[in-house]
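Undergrad: Take a look at this one; I'll ask things after.
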Amino acid sequence: MKVYFVGAGPGDPELLTIKGKKAIEDSPCCIYTGSLVNKAILQYARQDARIFNSASMTLDDVIDVIKEASDLNENVARIHTGDPAIYGAIQEQMQLLDALGIQYEIIPGVSSFTAAAAALKQELTLPGISQTVIITRAQGRTPVPEKEDLKLLAQSQSTLCIFLSVQQIENVAKDLIVSYGEDCPAAVVYKASWEGEESIVFGALNNIADKVKEHDIKKTAMIIVGRVLLKAFERSKLYDSGFSHEYRKGATN
Ligand code: SAH
């Protein structure tokens with residue numbers, strides 16, 4: 001018996017990994033994060049699988065369901081949105097499973113920040129602009145450590161992928177303008193990869209909050225900020241004809 005923490009991906013069921021799909025097929029018990037996971041993924045569960053929506057469960061409830069499955073020697077697929085390592089609240093589950101001596105494995109998924117970049121047809125790391133991506137969030141009920149305050153992170157002017165914060169976009173933009181400037185491009189991607197539901201709002205730090213309000217986007221959205229969005233950059237050295245590397249030795253330097 002094993003618990004599989006499965007990354008369900010950002011929404012499009014085809015963005016589930018083959019390994020994640022197999023884990024769901026092999027698990028008579030599935031617990032999914034109902035607020036965000038596309039239910040279409042449950043089509044891979046066995047007909048007779050017991051399926052739980054964790055949206056209405058506490059951590060103890062989840063562990064109780066896992067314990068029951070463990071007593072029956074049945075696998076559990078614990079299905080999280082995107083990649084479970086990012087705002088997935090999996091550490092606390094794993095800690096309790098360790099204490100119970102229950103085996104588990106993590107199957108990574110496509111995170112919503114890369115799905116949002118794909119929707120924007122955007123590389124997040126452009127030479128000469130930014131070689132760093134910061135994954136962060138504004139403070140909500142979960143506190144953010146002071147030293148990770150957005151205003152501080154902004155000083156690096158890296159590409160920012162801001163989760164869980166679209167409701168606070170006004171404050172987010174205000175905090176970022178100080179370092180990025182008010183004309184710095186910003187994009188908000190709602191429901192990246194969800195067929196027929198995905199939408200993109202593109203603007204600059206001085207107007208993105210108004211645009212988001214106009215589009216009435218209140219959740220399930222990724223904020224991406226940075227000058228990479230201007231797409232004015234130096235070409236990658238990797239494919240430069242004057243740049244040789246291990247796999248293209250013929251090239252000259
Ligand atoms: N583990 C997830 C993140 C969970 S936190 C991941 O790797 O993507 C939930 C937040 O993720 C949401 O508030 C939103 O900011 C973002 N999110 C999740 N799915 C999304 C999607 N399809 N499009 C845009 N943002 C999404």
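Undergrad: Among the numbered criteria (1) away from the ligand (no atom under 16 Å from the Cβ); (2) modelled with pLDDT of 95 or more; (3) assigned to a loop (DSSP other than H, G, I, E, B), which single criterion is violated by residue 243?
TA: The single condition residue 243 does not satisfy is (2).
Undergrad: Another question, then. In the range 1-56, which residue that is hydroxyl-bearing (Ser, Thr, Tyr) and more than 16 Å from the ligand (Cβ to nearest atom) is modelled with the lowest pLDDT?
TA: Of everything passing the filter in the range 1-56, 56 is modelled with the lowest pLDDT.
Undergrad: Of all residues being open to solvent by less than 30 Å² (accessible area, probe 1.4 Å) and part of a helix (DSSP H, G or I) in the range 113-128, which is farthest from residue 194 (Cα to Cα)? Just the residue, please.
TA: 117
Yes or no, residue by residue, for (1) without any contact (Cβ under 8 Å) to a residue 12 or more places away in the chain; (2) closer than 23 Å to residue 101 by Cβ; (3) in contact with a Cys (Cβ under 8 Å, 6 or more places away or on another chain):
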{"residue": "13", "(1), (2), (3)": "no, no, no"}
{"residue": "19", "(1), (2), (3)": "no, no, no"}
{"residue": "29", "(1), (2), (3)": "no, yes, no"}
{"residue": "37", "(1), (2), (3)": "no, no, no"}
{"residue": "42", "(1), (2), (3)": "no, no, yes"}
{"residue": "47", "(1), (2), (3)": "yes, no, no"}
{"residue": "57", "(1), (2), (3)": "no, yes, no"}
{"residue": "73", "(1), (2), (3)": "no, yes, no"}
{"residue": "76", "(1), (2), (3)": "no, yes, yes"}
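Undergrad: I would also like to ask the following. Could you look through the range 188-216, keep only residues that are within 14 Å of the ligand (Cβ to nearest atom) and surrounded by fewer than 20 Cβ atoms within 10 Å (Cβ to Cβ), and pick out the one that is farthest from the chain's Cα centre (by Cα)? Talk me through it step by step, then tell me what you get.
TA: The initial filter retains those residues of the range 188-216 that are within 14 Å of the ligand (Cβ to nearest atom), namely 188-201, 212, 215.
Keeping just the survivors that are surrounded by fewer than 20 Cβ atoms within 10 Å (Cβ to Cβ) gives 194-200, 215.
Values: 194: 14, 195: 17, 196: 20, 197: 17, 198: 15, 199: 16, 200: 16, 215: 22 Å.
Applying the filter and picking the extreme gives 215.
The values are calculated or read from the model by the stated rules, or taken from the named source; none is laboratory data. Given the structure is predicted, the values throughout are model-derived calculations rather than measurements. Backbone-built Cβ (ideal geometry, glycine too); neighbour counts: all protein chains shown. Protein only, heavy atoms only, side chains kept; ligands, DNA and RNA dropped before computing areas. Shrake-Rupley method; radii C 1.70, N 1.55, O 1.52, S 1.80 Å.
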